[in-house]
Amino acid sequence: MKRILITGASGMLGFTLVNIFSKCGFKVYATGADNEVNIPNYKCYDLASDDYSELITWSNPEVVVHCAAIINGNYCNEHPKEAFDINGISLKKLVDATDKSVKILYISSDAVFPSSTHLAKEEDLTFPENIYGKSKEIGEFFLRNTDRDYIIVRTTIVGLNKDTTKLGFVEWILQSAIQNDKVGLFNDVLFTPITIWDLAEELIFLTSHTLPAKIYHITGTEILSKYEFGKKLLDALNIPALNIEKDSILNFKDRAKRCADQTLNVNLYQEHSKRILPNNEKTIQTLVSKIKENEKYQIRE
Ligand SMILES: NC(=O)C1=CN([C@@H]2O[C@H](COP(=O)(O)OP(=O)(O)OC[C@H]3O[C@@H](n4cnc5c(N)ncnc54)[C@H](OP(=O)(O)O)[C@@H]3O)[C@@H](O)[C@H]2O)C=CC1
Ligand SMILES: Cc1cn([C@H]2C[C@H](O)[C@@H](COP(=O)(O)OP(=O)(O)O[C@H]3O[C@@H](C)C(=O)[C@@H](O)[C@H]3O)O2)c(=O)[nH]c1=O
């Protein structure tokens with residue numbers, strides 16, 4: 001049974017990875033910053049710690065999936081030292097604390113690229129536009145400068161939080177539509193989303209296969225704007241989108257700069273892995289079925 005350490009397990013992606021990897025027969029060790037988490041083999045551990053030997057001795061992993069991060073772009077801009085430490089320097093500490101045989105999968109982001117790069121390829125120049133993106137680029141730097149077995153997965157995820165008090169992008173759209181609150185969705189921000197459940201399948205594949213490259217873009221295969229995504233999701237759920245309006249990122253002033261083109265090109269990963277990544281129809285279908293399963297929304301067939 002392969003031993004795996006999942007960081008960020010109290011978060012949206014990490015919690016789902018814990019469930020899916022456990023179901024697939026991995027011996028999962030999970031860690032996060034939250035103390036109140038109902039996960040077996042869970043350790044609350046602050047990644048701001050100077051060295052991670054306590055965490056690594058406890059979990060003794062063969063593979064680490066590192067998805068812990070501070071993802072709030074405004075918070076990162078206001079607290080750059082903390083963002084660089086948790087999102088970036090944590091990779092150096094992970095490398096230092098683990099044996100050479102340990103494989104590290106680092107969840108990075110489209111945010112390492114500037115708005116001027118459309119459908120970014122793995123070899124395109126990174127040039128982050130905000131502190132969050134810079135902090136993820138620093139994490140990549142520490143891996144790219146080791147001889148370790150690692151894979152950097154740049155992605156753009158959509159999903160649901162286990163913690164129902166947290167409002168991610170999908171929950172924000174749903175809650176606003178259900179409460180009939182006015183929401184402006186950017187029609188000039190493009191992305192290629194993949195669900196956390198579909199990404200989990202690819203991460204499982206990567207733990208048991210060795211591919212020739214070290215950086216892969218793993219997202220959906222099709223582009224849409226944030227507004228189009230919200231409309232498609234609500235249409236598929238038969239929720240009226242009366243107060244969901246087209247907005248522009250240009251109106252989003254006085255906050256951390258966000259990238260207007262978050263699209264990634266997945267050709268390299270599909271070619272090397274021979275896997276087929278989801279299109280927008282599949283992404284919306286997966287989300288709809290997960291939302292219907294979720295008690296919070298009370299949406300039935
Ligand atoms: N969400 C998105 O749109 C995208 C995310 N990504 C990347 O995917 C990964 C997962 O994101 P997502 O699940 O959405 O993020 P969440 O914010 O839901 O989860 C982040 C996790 O990191 C943990 N964490 C934060 N600070 C610390 C710390 N000091 N010590 C230990 N753990 C800490 C959080 O713990 P706690 O909750 O207990 O505070 C939580 O478990 C991240 O690496 C992110 O950069 C990439 C592209 C898009
Ligand atoms: C997308 C969107 C956001 N917003 C507002 C709400 C929110 O507070 C703020 C930022 O939104 P988001 O956080 O979704 O946007 P953003 O920070 O661009 O999302 C990013 O998340 C990080 C974690 C990543 O890694 C990136 O890949 C990317 O998906 O902008 C709108 O008003 N309308 C919109 O259509």
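Just so it is clear, none of the values below were taken in a lab; they were calculated from the coordinates. Only a predicted model underlies this, so the values are computations on that prediction, with no experimental measurement involved. When we count neighbours, we look across all protein chains shown, and the Cβ atoms used for this are built from the backbone with ideal geometry, even at glycine.
General remarks:
- From least to most packed, judged by other beta carbons within 10 angstrom and beginning with the fewest, Tyr42, Tyr29, Tyr132 follow the order Tyr42, Tyr29, Tyr132.
- When only alpha carbons are used to place a centre, the range 35-73 and the range 226-243 end up 36 Å from one another.
- Residue among Asn279, Asn161, Asn251 with the largest mean-square fluctuation in a Gaussian network model of the chain, springs linking Cα atoms under 10 Å: Asn251
- Per-residue ellipticity at 222 nm from helix content only, as computed over the chain with -39500 (n - 2.57) for each DSSP H run of at least four residues, stands at -10000 deg cm²/dmol.
- Choice from Asn267, Asn72, Asn60 with maximal GNM fluctuation in the chain (Cα, 10 Å cutoff): Asn72
- Max mean-square fluctuation residue, GNM over the chain, Cα-Cα springs under 10 Å, options Gly25, Gly220, Gly133: Gly25
- Ordering His209, His217 by the number of other Cβ atoms within 10 Å of each residue's own Cβ, fewest first, gives His209, His217.
- Axis angle, to the nearest 10 degrees, between helix 280-293 and the longest C-alpha principal axis of the chain: 90 degrees.
- Proportion of all alpha-carbon pairs of the chain beyond 37 Å (%): 11 percent
- Virtual paramagnetic centre 7 Å along Cα→Cβ of Glu82, amide N under 20 Å, in the range 126-156: 130-139
- The range 200-301: trypsin sites (Lys or Arg not before Pro) in DSSP loop, at most 11 other beta carbons within 10 Å: Lys253, Arg255, Lys274, Arg300
- Phi-based couplings in Hz for the range 117-123 (Karplus 6.51, -1.76, 1.60; Gly and Pro marked x): 9, 9, 6, 4, 9, 4, 8
- The trypsin sites (Lys or Arg not before Pro) of the range 155-195 that meet both conditions, a loop assignment by DSSP and at most 13 other Cβ atoms within 10 Å of the site Cβ, are Lys166, Lys182.
- In the structure shown, the pairs Lys81/Lys136; Lys121/Lys253; Lys92/Lys214 are assessed against 19 Å; a Cα-Cα span above that value is assigned to Lys121/Lys253.
- Selection of GluC sites (Glu not before Pro), the range 7-90, meeting DSSP coil and at most 12 other Cβ within 10 Å: Glu36
- Efficiency of FRET from Cβ geometry, Met1 and Asn38, R₀ 22 Å, rounded to 0.05: 0.50
- Estimated at 0.36 nm per residue, the fully extended path between Asn60 and Lys121 surpasses their Cα-Cα distance by 18.5 nm.
- Taking Cα atoms only, the orientation of helix 131-144 departs from the longest principal axis of the chain by about 30 degrees.
- The ranking of Ser108, Ser53 by Cβ neighbour count inside 10 Å, starting from the fewest, reads Ser53, Ser108.
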